[in-house]
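The values are calculated or read from the model by the stated rules, or taken from the named source; none is laboratory data. Keep in mind it's a predicted model, so treat the numbers as computed, not measured. Because the Cβ atoms are built from the backbone with ideal geometry, glycine has one as well, and the counts that use them run over all protein chains shown. These accessible areas exclude ligands, DNA and RNA; they are computed on the full protein's heavy atoms, side chains included. Shrake-Rupley method; radii C 1.70, N 1.55, O 1.52, S 1.80 Å.
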Amino acid sequence: MSKQYDEAAFEDEIAAALLKRGYTRIPSDDFDAERGIFPDEIISFVQETQPEAWEQLETAHKGSARERFLQELTSALERQGTLELLRHGLRTTGTKIELATFQPNTGINPELQARYEANCLGVTQQLHYSATNSNLSVDLALSVNGIPVATAELKNTFTDQANRDAREQYRQDRDPSEPVLRFKRGALVHFAIDQHEIHYTTELAGEDTHFLPFNKGHEKGGGNPPRENDHRTAYLWKDVWEKDNWMEIIQRFIHIDTEEIKKDGITVEEDETIIFPRYHQLECVRQLVASAKEEGPGEDYLIQHSTGSGKSKSIAWLVHRLVSLHDDQDDAVFDGVVVVTDRTVLDEQLRNTIYELDHKTGVVHPIKGENRSKSEELAEALEAGKPVIITTLQTFPYVIEHAQSLPERDYAVVVDEAHSSQSGEMSAEMKGILSGVDEEDIEDWEDAMAENAKSRNKQPNLSFFAFTATPKAKTLQAFGEPDGDGGHEPFHLYSMQQAIDEGFIIDVLQNYTTYETFYNVAKVVEEDPQVPEQKAVNAISRFLKLHPHNVSQKVEIIVEHFRNHTQHKIGGKAKAMIVTSSRAHAVRYKKSIDEYIEENGYDLSALVAFSGTVEDNGSSYTEREMNGGIKESELPNVFDTPEYQVLVVADKYQTGFDQPLLHTMYVDKKLSGIQAVQTLSRLNRQHPGKEDTFVLDFENEQAEIKEAFEPFYGKTTVTEEMDPQHLQQLASELDAFRIYEQEEIDRFAKVFFDPSNTGTEGAHGKLSSIVQPARDRFVVKEEEIQEDFRSTLRSFLRLYKFQSQIVSYADTHLEKLYTFGRFLYKELPRQSHDPTVEFDDELALQYYRLEKSEEGSIGLSANDGEVKGPTETGTGGSEADDEVELSTIVEKINEKLGTDFTEADQLFLEQLKEDALEDDHLRRSARANSRENFALEFDDALTSMFIDRMDQNQELFAEFMDNDEVQEAITKHLRQQVYRESQSEEV
């Protein structure tokens, strides 16, 4: 008799809990070890649920039906595997035998429900599994209709054994060639269990067996929370293994991934992996599905899942469930699912996962734009009712002119990395597309204007499921759940801390060394010219950063550190990334590294990544030319080869770049906030033999990096609520300037929102004429008043774009003012430009010292992190750039003994240009209008595009929105390029 605290009692307790939840006890004596099944259970299930099929077998085999059936089943298990047969049945002697029946999506067919209830889920204690050694047994085995699907080894901490002992038992004492333990052919998953933790594997491979944690997480980290009067791990047998839940996992979650192993571009073999969900994936999908089923469409969900959480799999499982989700009345909850992502690999993963689960093709429709525009293809797919559509963040809004029938349907929109482009006008357009009213229901301009305002709020036919690792304040406010304290929090959390604790990612802050650079600059010309102060400070900072001595000293540190400390890591495969502040900086780094390696005869090679063409010291450089002809699209694969060890980057490959061999990062760029987290997280991918990472930082202090990471280590929340009254305050301040009249705003809105206006009725002239009186009043005001009005109007426009997504404004006055103000703002005359400031021969580097300042681990707290949201927008105008002597600025720079200034990169602007060129409407406008008329439309669209991409370059975004000179320069530059390139296209 077992004692109440030993392992046998633990085993009895689990088995008893399963018997209470609908399982049947099956003795080990009923097990056929050679076949790896419980024959009587299988035959009994077939005879009871499919008597006609069994009768056909009896007729065909005349007295030997049992033996022939078992023989064919065993052979099919060897060929096809357990999962395939459970899901799709066994074909034999002209008939199909179902080996399991899964719960139907609806309750319309009572016969299917009855067959589902007839499934026999079995639990067997001390299963003697071996065909060669009858003494060997596993502690527990679970079966479905006599086919084993899971095994478990239990360990009891009361008797000085733990989970790790169960894992070692599987590795050392369980022969993976035994039928019930064989990969694919036997049980689908194997659990190692004690009272505190659970781990699992889907393939036993001796010492190479790899286990994953299956824990709920505790206090944002690993492990499991305590349960009152119960084991911490009891959720496994009381919830996960519960009959309906367990059958759902087998039906809708477990699947086989096939990876092609290629050599010289040719597939030489295929590597199969059984995918079993981790606990947070299972819980997340189930909770989202349950909420969507109960609440219906019209809800928003934010899922904060860290890097290493397996977001691609979670999205695939969620999409598969949403496509077939029905409510309690057996009505489909959604008519379709739209997946919005910039990751091209996601469509293939979705297709493969859904095919594995359902054996259906054509379910997933990626928008590729082959032989037609992406917007047209997207509109056709939506109108055709394709179940799953995958599109990009840039393409999605352009469907508005085609999708007339969409508002009659309900959609689930699954957004990958939600903060990337889900702010501003793009999100509003996306909501407007899927929630607009029928044209027949818009009787006048007021209806149209009201619907436009309403499109910025939650819509009853549209649900967002937004996945991100680093939620920003506006993302939490747009998609998050009320936390009960006036703030917002994610619907589901898998934290960075838990991912690190469970070993799915590496803590990139464990080895963090900073260097401090000390400079002294001398003015070497006799003249002391007057120059704009801030522009001169930035110019001197650039001079210092790009100075050959500065770059060469850092290159020496980098290369020698890599050779002495990094190169031997990960079995000699370790790689490094150098993060630079600008494209010119990257060019000089690449040249200096190549020169240093050649001078010293080192066996190292570097690549560089930057956009466009860089002019430096009279020469032109491109990424492809500096990399010896390697195409941009080929660079990630080339860098993956042993030939290259170092990658120099300038705002490329700092997000979304998955290279597990990256071990060390050398940072020569100011990092903050999400950019710091995303950039440094390039190092966190796991790889066999990768035990740690290293960061050497020339620009940032440990405290700054700690501050950037803290909000995203545990659960991220936002507590600063947007005050709707602040918009009213700004509107009142604008009214007080008496630049415009309310009657003008009303007339503008009536023309702008008139549904009968097709653009050929002279509306452009009407709109322009309505705005002109306000412009005329503006130009005669004093300069100080002009600046105050311009700044206040800009603040109102920015804040309305943010807040109108979160707060419902029933008063259409603000929407009308916003629409009028957008056009008026572009009409206001600009100030003249100041000349660009550059220094070359005027300055010399007099003194330089580079020394280590901090070294060690950056510790993060386990508390919830808070991000700040926009509550108010400053109304003060930009300060004038005072003219001061060059010598004064040099003195100020030297007082700082360094530089904190960085250069905004051209890459961001080129991405904006590409966005504009992908806009069919803007391209047509450019071809049909003069430059002056095109400017009216382009300038406003550019502001929206800036807001859509604000997270990718927050510093440049702030400069663009707050500095009129910067805004005008960028707008003019991009407008000219887009206009010229659109004109040159074939119409």
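From the residues GLN702, PRO660, SER672, which one has its Cα farthest along the dipole of segment 591-743 in the positive direction, the dipole being from +1 and -1 charges on Cβ of Lys/Arg and Asp/Glu about the Cα centre?
After comparing all options, I get PRO660.
Residue by residue through segment 494-511, which ³J(HN,Hα) values in whole Hz follow from phi under the Karplus form 6.51 cos²θ - 1.76 cosθ + 1.60 (θ = phi - 60°), with glycine and proline marked x?
Going residue by residue, I get 10, 7, 4, 4, 5, 4, 5, 4, 8, x, 7, 9, 9, 6, 6, 9, 6, 10 Hz, with x marking Gly and Pro.
List the residues whose amide H sits under 5 Å from the amide H of ALA466, counting only those 5 or more places along or on another chain, with H placed 1.01 Å from N in the peptide plane.
Placed amide hydrogens put TYR301, LEU302, ILE303, VAL415 under 5 Å from ALA466.
Roughly how many nanometres apart are two label points built 7 Å out from the Cα toward the Cβ at HIS813 and GLU691?
6.9
What order do ASP940, ASP29 take when sorted by accessible area (1.4 Å probe), most exposed first?
ASP29, ASP940
What does the accessible area per residue of segment 184-229 come to in Å², with a 1.4 Å probe and no ligands, DNA or RNA counted? Working shown, then result.
Values: 1810 Å² over 46 residues.
Heavy-atom accessible area per residue stands at 39 Å².
Over segment 239-314, give the accessible area per residue in Å² for a 1.4 Å probe, as an integer.
Details: 2930 Å² over 76 residues.
So segment 239-314 comes to 38 Å² accessible per residue, rounded to a whole number.
Ignoring ligands, DNA and RNA, what percent of the 1.4 Å accessible area of segment 82-167 is carbon and sulfur? Kindly include the intermediate steps, with their values, before the conclusion.
Details: 1500 of 3320 Å².
That fraction is 45 percent.
What nm value, rounded to one decimal, do you get for the distance between GLN977 and ASP40 when each label is placed 7 Å out toward the C-beta?
7.7
Quick one: length gained pulling GLU55 to GLU408 fully straight, 0.36 nm per residue minus the C-alpha distance?
The span from GLU55 to GLU408 would gain 122.1 nm if fully extended.
Please give the length that would be gained between ILE108 and ASP165 if that part of the chain were fully extended, namely 0.36 nm times their separation in residues minus their C-alpha to C-alpha distance (nm, one decimal). Don't jump to the answer; show the numbers that get you there.
On the way: separation 57, 0.36 × 57 = 20.52 nm, distance 4.83 nm.
So the extension gain works out to 15.7 nm.
Are any of the pairs LYS313/LYS374; LYS591/LYS669; LYS554/LYS669; LYS368/LYS472 more than 22 Å apart by Cα-Cα distance, and if so, which? Write out the running numbers ahead of the final one.
Numbers: LYS313/LYS374 26 Å; LYS591/LYS669 18 Å; LYS554/LYS669 13 Å; LYS368/LYS472 30 Å.
Pairs exceeding the cut-off: LYS313/LYS374; LYS368/LYS472.
Given the Cα-Cα distance of ALA234 and SER291 and 0.36 nm per residue of separation, how much length would full extension add, in nm? It would help to have the intermediate numbers written out before the result.
Details: separation 57, 0.36 × 57 = 20.52 nm, distance 2.43 nm.
18.1 nm is the gain from fully extending ALA234 to SER291.
Could you report the accessible area of VAL780 in Å², rounded to 10, computed with a 1.4 Å probe on the protein chains as they sit in the structure?
Looks like 120 Å² after rounding.
With a 1.4 Å probe and all protein chains kept in place, how much accessible area does HIS365 have, in Å² rounded to the nearest 10?
40
Ignoring ligands, DNA and RNA, how do GLU248, GLU48, GLU380 rank by accessible area with a 1.4 Å probe, largest first? Present the calculation step by step, with values, prior to reporting the outcome.
Working: GLU248 40, GLU48 135, GLU380 95 Å².
The most accessible residue leads, giving GLU48, GLU380, GLU248.
Quick check: pseudo-label points 7 Å beyond the Cα along Cα→Cβ at ARG66 and GLU784, how many nm apart are they?
10.4
I want the local charge near ARG87. Using Cβ-Cβ distances under 11 Å, sum +1 for each Lys or Arg and -1 for each Asp or Glu among the other residues. Please report the intermediate quantities before stating the final value.
Details: positive: ARG252; negative: GLU84, GLU98, GLU356, ASP358.
It works out to a net charge of -3.
State the answer as a single residue: which of THR202, ILE249, ALA166 lies farthest towards the positive end of the charge dipole of segment 127-282, with beta carbon charges of +1 for Lys and Arg and -1 for Asp and Glu, about the Cα centre.
After comparing all options, I get ILE249.
What number of lysine-lysine pairs in segment 138-264 show an alpha-carbon separation below 21 angstrom, given a sequence spacing of 8 or more or placement on distinct chains? All intermediate terms of the calculation are to be shown ahead of the outcome.
Working: LYS155/LYS216; LYS155/LYS238; LYS216/LYS238; LYS216/LYS243.
Eligible lysine pairs with Cα atoms under 21 Å apart amount to 4.
Which whole-Hz couplings ³J(HN,Hα) result when phi for each residue of segment 177-183 is put into the Karplus expression 6.51 cos²θ - 1.76 cosθ + 1.60, θ = phi - 60°, listed in order with x for Gly and Pro?
Ordered by residue, 3J(HN,Hα) equals 8, 5, x, 6, 9, 6, 4 Hz.
Report, by chain and number, residues whose modeled amide H sits under 5 Å from the one on TYR200, excluding near sequence neighbours (fewer than 5 apart, same chain).
For TYR200, the qualifying residues are ALA192, LEU212, PHE214.
Can you sort ARG351, ARG25 by 1.4 Å-probe accessible area, starting with the largest? The partial results should precede the final answer.
On the way: ARG351 90, ARG25 130 Å².
Greatest to least solvent exposure: ARG25, ARG351.
Among 188-201, 233-246, what's the highest-first ranking by average C-beta atoms within 10 angstrom per residue? Mind showing how you got there, number by number?
On the way: 188-201: 22.5, 233-246: 18.6.
Result, highest mean Cβ count within 10 Å first: 188-201, 233-246.
Output ³J(HN,Hα) for segment 373-379: one whole-Hz value per residue in order, computed from phi by the Karplus curve 6.51 cos²θ - 1.76 cosθ + 1.60 with θ = phi - 60°, and x for Gly and Pro.
With the stated coefficients, segment 373-379 comes to 6, 5, 5, 5, 5, 5, 4 Hz.
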